[in-house]
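Take a look at the structure set out below.
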Amino acid sequence: MFHLVGATLGGMHPDARAKRLELVRPALPASMPKLRMRNLRVGEALVDMEFSSMEGSISVEVLRRHGDLD
């Protein structure tokens, strides 16, 4: 599963020291219009996110964030 997520969201750059998660041009395959990630750990923080594809654009919604994370 990690390889699928890594290939799909290659623009995901976690930085635990800076308490930051950067997303650069995320992409989803046409066969996967939505992807929900739960309990993604960046340092001590946890985040749940949902990626949605519509008409060639990707939206990202933070569903839950626990801890200090930008």
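Observations, loosely collected:
- For residue 27, the residues 5 or more places off, or on other chains, whose built amide H falls under 5 Å of its own are 10, 11.
- Gyration tensor (alpha-carbon) shape descriptor, the chain, a/c threshold 1.5: prolate
- The range 25-70, accessible area per residue, ligands and nucleic acids excluded (1.4 Å, Å²): 72
- Over the chain, Cα pairs under 8 Å with separation of 6+ residues give a relative contact order of 25 percent.
- Residue-wise HN-Hα couplings along the range 45-53, as the Karplus relation 6.51 cos²θ - 1.76 cosθ + 1.60 with θ = phi - 60° gives them from phi, are 8, 10, 9, 10, 9, 10, 9, 10, 10 Hz; Gly and Pro carry x.
- Among the protein heavy atoms of the chain, carbon and sulfur supply 51% of the accessible surface, probe 1.4 Å, non-protein parts ignored.
The values are calculated or read from the model by the stated rules, or taken from the named source; none is laboratory data. Only a predicted model underlies this, so the values are computations on that prediction, with no experimental measurement involved. Accessible surface areas use protein heavy atoms only, side chains included; no ligands, DNA or RNA. Shrake-Rupley method; radii C 1.70, N 1.55, O 1.52, S 1.80 Å.
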